[in-house]
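Just below is one structure, and these are the notes that go with it.
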Amino acid sequence: MEGLTHEFERRLASAKEGDEDSFAELFRSVQPSLLRYLRTLDRSVAEDAASETWLSVVRGLHRFTGEEAGWRAWVFTIAHARLRDAQRQARRLPVPADAQELLESQPDGLDVAECVEDMFSTEAALALIGRLPREQAEVVFLRHVAGLDVAHTASVLGKRPGAVRVAAHRGLRRLAGMLGPGAASTPEACNAADEMVDY
């Protein structure tokens, strides 16, 4: 573990000095889960928010200090803010007429039965998380997909750790319910939800 800490510190120091390979390694360590986070919350602006996130990271990299978990939390904090910015910007833009027709022709939501059948695929799991209330979706994703601990998740979202624990617990219970009445009520499903929440 100590070797990994030293490796991260070396990589961070090199990236701050302008080493592109070191920055690329830092980028690759976060980008896949960052994109999944943004797409789960709002697919329509995810790419723009991701681009703006990395621009902000590059501008602020020289100010960042901390360990690898702190690095991930810092990047997700920026992404959270850039997502909000992108959503505000998108609301200000007019919707073209042909896009409006396309939106109206789309089904209202995901087919729950289809999600259950494909539950073992990442996309299906993310689709279910995306159907949670926003606060629960953010917390469940950051805790159980991005792998942030309670303290870092609270920091990203600007919430108290207790609120993060409650939202995670409620989100996991709701996910169990989405899998069907049998899945939501089985002891195994409830125990799995309880075990995923750190108290």
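Quick notes on this one:
- Computed FRET value (nearest 0.05) for residue 91 with residue 21, which takes r as the C-beta separation and R₀ as 45 Å: 0.70
- Under the Karplus curve 6.51 cos²θ - 1.76 cosθ + 1.60, θ = phi - 60°, whole-Hz ³J(HN,Hα) for the range 173-178, x wherever Gly or Pro sits: 4, 5, 4, 4, x, 5
- Sum of side-chain charges, residue 19 neighbourhood, beta-carbon under 13 Å (Lys, Arg +1; Asp, Glu -1): -1
- Under Karplus coefficients 6.51, -1.76 and 1.60, residue-wise ³J(HN,Hα) of the range 54-59 in Hz, glycine/proline x: 5, 4, 5, 4, 4, 5
- Of the GluC sites (Glu not before Pro) in the range 36-98, not one is in a loop by DSSP (not H, G, I, E or B) with at most 10 other beta carbons within 10 Å.
- Sorting the segments 14-21, 158-165 by their residues' average number of neighbouring beta-carbon atoms within 10 angstrom, most packed first, yields 158-165, 14-21.
- Exposure proxy shown here: for 11, 134, the number of other Cβ atoms within 10 Å sets the order, fewest to most, as 134, 11.
FYI, it's all coordinate maths here, none of it is from the lab. Computed from a predicted model, the values in this text were never measured in an experiment. Quick reminder, even Gly has a Cβ in these numbers, built from the backbone with ideal geometry, and neighbours come from all protein chains shown.
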